[in-house]
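In what follows, a structure is listed as structure tokens, so that the remarks can point back to it.
Quick note: the coordinates plus some simple rules give every number you see, no bench work behind them. Keep in mind that this is a model prediction, so the values were computed, not measured. Here Cβ is always computed from backbone atoms with ideal geometry, including for glycine, and neighbour counts include all displayed protein chains.
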Amino acid sequence: MKLDDLEIYKLSLELSEDFWQIFLELPKQFRFSIGDQMIRSVDSIGANISEGYGRYHYRDSMKFYYNARGSLFETKHWLKLLLIRKFISEERHGELLEKLNTLGVKLNNFIDTIKRKL
């Protein structure tokens, strides 16, 4: 299976695009504080999935999948701050949180599958 066919990778790219749209809507003075951190964390999810997928040994790839999961949780933090600071609506927060939660479940299932191969 190619990386581009991996569902967790496709979801991570979709989330990166969702958060990029929020970044573009942020007032300029907040783009280099909350915006920068938010983009780094959400983009790191897909980057770590990609790097892990490119490793030759399952054991080597696991650390990248765990990093992706950590970045997912960091992204949830930034999403919560966007809501608290009123940069996004409750509805948009809920939609993105649901996507993050879905990716989290799928990523955990993927990690469990890889663990069984070790």
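Numbers for the structure displayed
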item	result
Subset of region 22-72 [touching a Phe, Trp or Tyr at 6+ places or on another chain (Cβ under 9 Å) and aromatic (Phe, Trp, Tyr)]	30, 53, 64, 65
Sole exception among (1) in contact (Cβ under 8 Å) with a residue 12 or more places away in the chain; (2) exposed (fewer than 13 other Cβ atoms within 10 Å of the Cβ) for residue 27, by number	(1)
Conditions (1) part of a helix (DSSP H, G or I); (2) surrounded by fewer than 18 Cβ atoms within 10 Å (Cβ to Cβ); number of the one not met by residue 1	(1)
Near pairs, Cβ below 8 angstrom, 6+ apart or cross-chain, from region 68-96 (outside any helix (DSSP H, G or I)) to any residue that is surrounded by fewer than 17 Cβ atoms within 10 Å (Cβ to Cβ)	87/25; 87/30
Single condition residue 15 does not satisfy, out of (1) surrounded by fewer than 17 Cβ atoms within 10 Å (Cβ to Cβ); (2) touching a residue at least 40 places away in the same chain (Cβ under 8 Å); (3) of a type in the set (A, V, I, L, M, F, W, C)	(1)
Selection from region 36-82 of residues that are over 22 Å from residue 20 (Cα atoms), buried (at least 17 other Cβ atoms within 10 Å of the Cβ) and among the acidic types (Asp, Glu)	none
